[in-house]
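K.L.:
Can you read through this structure? Questions will come right after.
The values are calculated or read from the model by the stated rules, or taken from the named source; none is laboratory data. Nothing here was measured: the structure is a model prediction, and the numbers come from that model. Neighbour counts run over all protein chains shown; Cβ positions are idealised from the backbone, glycine included.
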């Protein structure tokens, strides 16, 4: 097996805003707010998950890495041969990411792998353009770009298949949303450019697709919501995830839901608006609860994208039998399966083994596999 060189970059603060309900960590002020709310770093763990999956080809790999928490620490821990290509700093910036990526390209790499979200992708775009193939390990809160593998393990499979089996390349869209508008409940996504990326349709996520607001779609959402409401029981906490389909449920209850947040309901009334992980755990302590989520259009994720407040700890505590998935027929018709990426490998495995029934209309369900 020939030796290959990978650039490996980690954004150490990526994803920290998810569990605390901040929808991202772009900017120093938001990062500090996330830390004050008890946010914990997750990028390092997901970077190690990717590297662990690359261990079978470790002897044939050389890593060019960012210093310290930007890739060096994880590479050393996992026993890879590596060379550091940036300065070690206690606090890193987007400029550090860009400079490290440029240094890796100048040294010569076969593939650049980064751990981050859409904000990190934009930094990579500025530094790299279409010079080398790029692959994203999903680590952020908002991941609308088509550069990401569906999980860290999937990223490793894509990297290996590209480097030694010749996966094709494509120009993948780099998308990002306005975080300020996102926190205010408005989704404003923008195309920033394209990166070359290995393509494997089952392992690389697509762009997020918005639900078409046709008359049939609206009727379908309403019919689904009516059945959900009829089935709601008293003294149960309902954790309702983001999305237009779930928002229809709360509209019919005459309760104003956060479109892009997670809200808690009891006896058909909102009791906590835009809840974070800590608030959810406190609310469900000693109480019966259900989770109601809808898949992300075009991607199929029910957990791990945009709703990290509903953490693996919460899902485990509530129980897999108390997960309710709702989707319109048109959304589900565009998906071959659903996806999960909770960060808990055993939980993801348990969910995939079960599959799930999705409510698609009034008293109508459809069984879907989970990848």
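K.L.:
Checking the structure you have, find out if any residue of the stretch 52-61 is over 23 Å from the mean Cα position of the chain (by Cα), part of a loop (DSSP other than H, G, I, E, B), assigned by TED's automatic domain parsing to the domain that holds residue 124 and surrounded by 18 or more Cβ atoms within 10 Å (Cβ to Cβ). Show your work before the answer.
P.N.:
In the first step, residues of the stretch 52-61 are kept if they are over 23 Å from the mean Cα position of the chain (by Cα); the result is 55-61.
Among the residues that remain, those that are also part of a loop (DSSP other than H, G, I, E, B) are: none.
No: zero hits.
Okay, residues lined up against (1) at pLDDT below 60; (2) in contact with a helix residue (DSSP H, G or I) (Cβ under 8 Å, 6 or more places away or on another chain):
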{"position": "9", "(1), (2)": "no, yes"}
{"position": "15", "(1), (2)": "no, yes"}
{"position": "32", "(1), (2)": "yes, no"}
{"position": "42", "(1), (2)": "no, no"}
{"position": "73", "(1), (2)": "no, yes"}
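K.L.:
Name the single residue that is surrounded by the fewest Cβ atoms within 10 Å (Cβ to Cβ) among those in the stretch 80-102 being closer than 21 Å to residue 51 by Cα and without any contact (Cβ under 8 Å) to a residue 24 or more places away in the chain.
P.N.:
Only one residue tops the list, namely 81.
K.L.:
Return the residues of the stretch 100-120 that are touching a strand residue (DSSP E or B) at 6+ places or on another chain (Cβ under 7 Å), farther than 13 Å from residue 195 by Cα and either assigned to a helix (DSSP H, G or I) or outside the structural domain of residue 135 (by TED's automatic domain parsing) (or both); say none if nothing qualifies.
P.N.:
100, 101, 104, 107, 119
K.L.:
Residues that are over 24 Å from residue 360 (Cβ atoms), at pLDDT below 95 and more than 23 Å from the chain's Cα centre (by Cα): find the strands (runs of 3 or more DSSP E) completely inside the stretch 235-318 holding 2 or more of those.
P.N.:
Numbers: elements: 237-240, 263-266, 269-272, 289-293, 301-303.
Result: empty, no element qualifies.
K.L.:
Go through (1) crowded, with 20+ Cβ neighbours inside 10 Å; (2) at pLDDT 85 or above and name the single condition residue 164 misses.
P.N.:
Evaluating residue 164 over (1) crowded, with 20+ Cβ neighbours inside 10 Å; (2) at pLDDT 85 or above leaves (1) as the failure.
K.L.:
Sticking with this structure for a sec: Check 333, 274 and return the single one that is under 22 Å from residue 359 (Cβ atoms) and out of contact with any helix residue (DSSP H, G or I) (no Cβ under 8 Å at 6 or more places or on another chain).
P.N.:
333
K.L.:
Now for a different question. Just to be sure before I move on: is residue 257 at positive phi and in contact with a helix residue (DSSP H, G or I) (Cβ under 8 Å, 6 or more places away or on another chain) in the structure I sent?
P.N.:
Values: at positive phi: no; in contact with a helix residue (DSSP H, G or I) (Cβ under 8 Å, 6 or more places away or on another chain): yes.
Answer is no for this residue.
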